[in-house]
Amino acid sequence: MTYDLTIIGGGPAGVAAGVYASRKKLKTLFITKNFEGQSTVSEGIENWIGTVKISGAELSKSLEAHLRAYAGNIVDIKEGGLVSKIEKNGEGFSVTLKDEVFETKTVLITTGSKRRKLEVPGAEEFDNKGLTYCATCDGPLFADQDVVVVGGGNAAFESAAQLAAYCKSVTIVNRSDVFRADEVTVEKVLSKPNVKAIKNAIPYEVKGEKFVKSFSYKNGEEIVELPVTGIFVEIGLLPSTDFEKILLNSILSEKLLLILVHKNQKLREFGRLGIVLTGFIIKIILQRVTR
């Protein structure tokens, strides 16, 4: 059979598309590795309109439940796999998932984003050995220890707030002299007695033996080494644009609807039939739950 629509990605954007596709009776294939988008790590989301506060984990479960409630015999959900190829096939597309190939008229990609990695000596070596990208996941492991949070945006300050509840001390290291986080968030987090922030601190090196023992930053010509056992990196997200490698010439097709939505990006619309692309380098200030 040929699907009217194939949706790739299980975050808010993908789920919303799935629900609307079901309501419009579009036979849809919904492919996602899981329903755990970037928001899953947030303990409290307060800008999901209609809900005063909800955790990222609860939101993910709610999104999945909403989609499944509407799926019926209209939306076929394939969870746990990754798309390996998308090819133009006559008037439509062939989408390869593992060893299965599906035919579809339209492809909607809402694959979101991935975390930007810290690129300094020692960072890769100590990844998951004291250096982590998820305070919610790994924070409790560092109870009563001194830790560093790298970054100056809302995610960094929210992570610091979580860590302050059980860590001995939390030091926020920001590479510029201006925080990108909301002022109210900065003030609230820095009011905690065990949290402090250092500005104009450019990450320099991660040191340790089996596990992290220190984090160094550069301030002007001076290199400062902080004795810490945990490093939490919150320096932004990158679009999951691996599809560039597998789309071939499909991206130029006027029937391909491509949406790569993620934090810090907005959509650019072009093409007479509505090819929609996320601007790969377009940044926005406001953070929305589209990741």
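The values are calculated or read from the model by the stated rules, or taken from the named source; none is laboratory data. None of the values given here were measured: they were computed from a predicted structure. Cβ atoms come from the backbone with ideal geometry, glycine included; neighbour counts cover every protein chain shown.
Does the range 50-67 include one or more residues that are within 26 Å of Leu5 (Cα to Cα) and in contact with a Leu (Cβ under 6 Å, 6 or more places away or on another chain)? Spell out the reasoning first.
Just the residues of the range 50-67 that are within 26 Å of Leu5 (Cα to Cα), to begin with: 59-67.
Imposing the further condition that a residue be in contact with a Leu (Cβ under 6 Å, 6 or more places away or on another chain) reduces the set to none.
Looking through the range 50-67, none of the residues is within 26 Å of Leu5 (Cα to Cα) and in contact with a Leu (Cβ under 6 Å, 6 or more places away or on another chain).
Looking for something modelled with pLDDT of 95 or more, closer than 18 Å to Gly152 by Cβ, of a type in the set (D, E, K, R) and surrounded by fewer than 16 Cβ atoms within 10 Å (Cβ to Cβ) - is there at least one such residue anywhere in the range 225-243?
Taking every residue of the range 225-243 in turn, none turns out to be modelled with pLDDT of 95 or more, closer than 18 Å to Gly152 by Cβ, of a type in the set (D, E, K, R) and surrounded by fewer than 16 Cβ atoms within 10 Å (Cβ to Cβ).
I need the full set of residues from the range 43-80 which are assigned to a strand (DSSP E or B), buried (at least 16 other Cβ atoms within 10 Å of the Cβ) and modelled with pLDDT of 90 or more, in order please.
Within the range 43-80, Val75, Ile77, Lys78 qualify.
Filter the range 140-157 for residues that are of a type outside the set (A, V, I, L, M, F, W, C) and touching a Gly at 6+ places or on another chain (Cβ under 8 Å); which is farthest from Phe215 (Cα to Cα)?
Applying the first criterion (of a type outside the set (A, V, I, L, M, F, W, C)) to the range 140-157 yields 140, 144-146, 151-154.
The next check asks that each one be touching a Gly at 6+ places or on another chain (Cβ under 8 Å); those that pass are 145-146, 151, 153.
Numbers: Gln145: 14, Asp146: 11, Gly151: 14, Gly153: 19 Å.
So, considering only residues that are of a type outside the set (A, V, I, L, M, F, W, C) and touching a Gly at 6+ places or on another chain (Cβ under 8 Å), the one farthest from Phe215 (Cα to Cα) is Gly153.
Could you list, in sequence order, all residues of the range 81-105 that are surrounded by 14 or more Cβ atoms within 10 Å (Cβ to Cβ) and over 25 Å from the mean Cα position of the chain (by Cα)?
If the condition is that a residue be surrounded by 14 or more Cβ atoms within 10 Å (Cβ to Cβ) and over 25 Å from the mean Cα position of the chain (by Cα), then Glu87, Lys88, Asn89, Gly92, Phe93, Ser94, Phe102, Glu103, Thr104, Lys105 are the ones that fit.
Being at pLDDT below 85 and either of a type in the set (Asp, Glu) or part of a helix (DSSP H, G or I) (or both) is the filter; apply it to the range 23-42 and report the residue that is nearest to Glu58 (Cα to Cα). Working first, answer last.
The initial filter retains those residues of the range 23-42 that are at pLDDT below 85, namely 36-42.
In the following step, the residues that additionally are either of a type in the set (Asp, Glu) or part of a helix (DSSP H, G or I) (or both) were identified as 36, 38-41.
Numbers: Glu36: 10, Gln38: 13, Ser39: 10, Thr40: 8, Val41: 10 Å.
Ranking the candidates gives Thr40 first.
Okay, residues lined up against (1) farther than 10 Å from Gly230 by Cα; (2) in a strand (DSSP E or B); (3) of a type in the set (A, V, I, L, M):
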residue	(1), (2), (3)
Glu124	yes, no, no
Asp138	no, no, no
Val149	no, yes, yes
Phe157	yes, no, no
Glu187	yes, no, no
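Being touching a residue at least 40 places away in the same chain (Cβ under 8 Å) and surrounded by fewer than 17 Cβ atoms within 10 Å (Cβ to Cβ) narrows it down to one of Cys134, Cys167, so name that one.
Working: Cys167 fails: surrounded by fewer than 17 Cβ atoms within 10 Å (Cβ to Cβ).
Answer to the check: Cys134.
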